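What follows is calculated from the coordinates using simple rules that are stated; it is not laboratory data. What you see is a predicted model; the values in this text were computed from it and never measured. Don't worry about glycine lacking a Cβ; one is built from the backbone with ideal geometry, like all the others, and counts go over all protein chains shown.
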Amino acid sequence: MTMPDTSRRGLLIILSSPSGAGKSTLARRLMAWDETLSFSVSATTRAPRPGEVDGKDYHFLDEARFKAMVRDGEMLEHAHVFGNFYGSPMGPVADAIEAGRDILFDIDWQGAQQIQKSALAPHVLSIFILPPSIAELRRRLESRAQDDAEVIAKRMQKSWDEISHWDGYDYVLVNDDLDATEAHLKTIVTAERMKASQQPALMDHVRTLQSEFEDSP
Ligand code: ADP
Ligand code: 5GP
């Protein structure tokens, strides 16, 4: 088991994009890169797709249970997307932050906005993924082969709505070449972790340097 890193604060890393631009693929690569990263498993009322595992990809809930969680203040954010409810449960987020671990969110612009307005805003790193073209976005949605034609058409229709919120994010990546986008994403995360505001232990280190400085001949 990886020990918590209390020398720095945990970041809330938000990835958003129109459906099909590649954020789940990039999220998986980021998770494989750093085993200390945790993933915020969203709750949803949509049906599982073939291969999706309850508790790993999503917590699949019925509408009554979902609404009860919202009512009881158990969701950090929630939104209605493609006719279903989606939300980020608060518990794992609080645990990760406490332990100095970063937590990754694959959520839409509505959820990103809610978290950016919350008390956790100072620790948010938000990244938007754009497709290289609309034709390529359609090709990716079709090649993913997870949704029927009607669902793909619905996702394409909604893609402009999502893209139009691109400028509410800290960073924007055009996901043309997947390996290049992955490399850029890792660079961004690495740099954000080094921000002075994310490293509370720096104060102690500087105090130590100061006393060493004063003691040195
Ligand atoms: P999202 O999570 O944004 O809906 P996915 O990560 O599921 O999108 O990606 C949609 C499809 O596009 C998947 O089949 C994925 O393998 C593919 N894909 C993702 N990024 C790229 C890329 N840069 N070039 C080509 N195909 C890609
Ligand atoms: P999908 O059904 O393809 O898994 O997700 C559809 C959309 O819902 C994606 O844009 C995804 O990022 C978003 N989404 C997934 N989980 C959440 C969540 O917890 N909150 C919000 N606001 N959006 C989510």
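Show me 124-130, 68-74 ranked by packing, highest mean number of other Cβ atoms within 10 Å first.
On the way: 124-130: 21.6, 68-74: 12.1.
Ranked by mean Cβ neighbours within 10 Å, highest first: 124-130, 68-74.
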- request: Find the eigenvalues of the gyration tensor of the Cα atoms of the stretch 101-217, then list the square roots of 5 times those eigenvalues as equivalent ellipsoid semi-axes, largest first, in whole angstrom.
  value: 42, 16, 11
message: Give the average over all directions of the projected area of the C-alpha convex hull of the chain, one decimal, in nm².
response: 14.5 nm²
message: Checking the cross-link filter: which lysines have an alpha carbon closer than 18 Å to that of LYS56, excluding same-chain neighbours under 8 positions apart?
response: LYS23
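In the stretch 1-115, what is the volume of the convex hull around the alpha carbon atoms, normalised per residue and reported in Å³? Let's see the in-between values first.
Values: hull volume 13.1 nm³, N = 115.
Taking the convex hull of the Cα positions in the stretch 1-115, it is 114 Å³ per residue.
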query: Taking amide H positions as placed 1.01 Å from N in the peptide plane, with prolines and chain starts having none, which residues 5 or more places from VAL81, or on another chain, fall under 5 Å of its amide H?
result: TYR86
- request: Please list, in chain and number order, the residues 5+ apart from LEU76 or on another chain whose amide H is under 5 Å from its amide H, with Hs placed from the backbone.
  value: SER88, MET90
field: Interchain or long-range residues, amide H under 5 Å from GLN199's placed H
entry: ARG9
- prompt: Over all Cα pairs of the stretch 109-171, how is the pair count split among 10 Å bins, expressed in % and running from 0 up to the last occupied bin?
  reply: 19, 41, 28, 12, 0
task: Rounded to the nearest 500, what is the 222 nm mean residue ellipticity of the chain from helices alone, with -39500 (n - 2.57) per DSSP H run of 4+ residues and division by all residues?
output: -13000 deg cm²/dmol
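Evaluate the relative contact order of the stretch 80-170 (contact order divided by residue number), counting alpha-carbon pairs under 8 angstrom at least 6 apart; express in whole percent. Don't jump to the answer; show the numbers that get you there.
Numbers: 29 pairs, mean separation 30.2, N = 91.
Worked out over the stretch 80-170, it gives 33 percent.
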message: With Kirkwood's inverse mean 1/r over C-alpha pairs for Rh, give me the Rg to Rh ratio of the stretch 31-80, two decimals please.
response: 1.03
- prompt: In nanometres, what is the gap between the two model label sites at ALA32 and VAL53, each 7 Å from Cα along Cα-to-Cβ?
  reply: 1.5 nm
field: Cβ-based net charge around ASN84, under 10 Å, with every Lys or Arg adding one and every Asp or Glu removing one
entry: 0
